[in-house]
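One structure is given here, and the rest of the page talks about it.
The values are calculated or read from the model by the stated rules, or taken from the named source; none is laboratory data. From a predicted model like this one, the values you see are computed outputs, not experimental measurements. Here Cβ is always computed from backbone atoms with ideal geometry, including for glycine, and neighbour counts include all displayed protein chains.
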Amino acid sequence: MPGDPPDASPLEHIGDERGMEGFVDRSDSPSLRPPYPLELIGEEEPEGCGQLERRWVLWQEFMTSHAQLDAWLLVAEQAVGAPPPTHVAYATAREEIRKFERLRCEARSRLVQLDRMTQRNRTLTRLFQGAMQARLLGSVRDCGQRWDNVNTKLESITGRLKVLVSEWEGFEAEREELALWLAELDVRLTKVDHLTGNTCEKLRHLESFQQSVCENSRRVNVLLQRGEALIQSSEATDARQVEGRLLELLRSCSLVYSNIAQTHTRLLSMRLVHTHTHAHAHTSVVE
């Protein structure tokens, strides 16, 4: 008859542990492997060695699986028990997302393990009665509840981090598009200023620029609002960076809008002078 099983290291049965590195130190996790079932000690001979051996093998498989899952749950519970702060840097948030996504992937594989444990447990509860049966049922129920709690917190933490990263990247993408639009508008304005042709043609080009400014002014205002909200929700260093980029965009807007207005004023003056000169010349010819 087999002897008592040897003590197991608390993390001996964890599968691929690489995904959990960086969360916690597992060296202090206590061994939670349940003791040898007393029901297997002193079994009556009529049951037969084959039946006793089957019960022992099933028990060992269940205990091994339980130890693996319990050790992983301990590590996962510590990870989700210390989530990133509300105001977290963008770079840190991206790194944390990668860590928690790996943990979510592990959680899915542990759910499969939990299902297998449940199936083994159904068989074992038919072989054991009384306190041992209740203990088996309770152990699986406890693991299931702990897995649910861990998974819920993982979803919440990962979701919050993804919102932060999405807001930052959306802000940056829109800011870069507007900065590119302003740069192109400035280049086109310079070309119009050096364009050979009459003043009326230049004014027509300028009107298209003014229309573009009106269409994109709303985008600029929306970006300013998004930036202000991002400043409020960001870590201090990131908040200063957002503020600096908003100020840079506003300076670019002011410069380009001012150049358009000055060019428009100059072209109008030139047209008035040309019209006055042409009218004066026509009057002189008539006289």
Residue hits (the stretch 90-113; of a type outside the set (D, E, K, R) and either touching a Pro at 6+ places or on another chain (Cβ under 6 Å) or surrounded by fewer than 17 Cβ atoms within 10 Å (Cβ to Cβ) (or both)) are ALA91, THR92, CYS105, SER109, LEU111, VAL112
If you go through HIS13, HIS87, the only one that is surrounded by 13 or more Cβ atoms within 10 Å (Cβ to Cβ) and modelled with pLDDT under 85 is HIS13
Criterion: of a type outside the set (Lys, Arg) and touching a Ser or Thr at 6+ places or on another chain (Cβ under 6 Å) - qualifying residue of VAL150, VAL140, VAL165: VAL140
Can GLU155 be described as in a helix (DSSP H, G or I), surrounded by 15 or more Cβ atoms within 10 Å (Cβ to Cβ) and in the same structural domain as PHE62 (by TED's automatic domain parsing)? no
From (1) under 21 Å from ASN259 (Cβ atoms); (2) modelled with pLDDT of 90 or more, pick out the condition that doesn't hold for SER208. (2)
CYS143 vs (1) touching a His at 6+ places or on another chain (Cβ under 9 Å); (2) under 30 Å from LEU230 (Cβ atoms): all pass except (2)
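Each row is one residue, and each column tells you yes or no for (1) surrounded by fewer than 16 Cβ atoms within 10 Å (Cβ to Cβ); (2) modelled with pLDDT of 90 or more.
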site	(1), (2)
VAL222	yes, yes
ALA229	yes, yes
SER234	no, yes
ASP238	no, yes
VAL256	no, yes
ILE260	no, no
HIS264	no, no
LEU268	yes, no
In a helix (DSSP H, G or I), modelled with pLDDT of 50 or more, basic (Lys, Arg) and loosely packed, with under 15 Cβ neighbours inside 10 Å, is that true of ARG54? yes
Residues in the stretch 183-217 that are surrounded by fewer than 16 Cβ atoms within 10 Å (Cβ to Cβ) and either of a type in the set (Val, Ile, Thr) or not in a helix (DSSP H, G or I) (or both): how many? 7
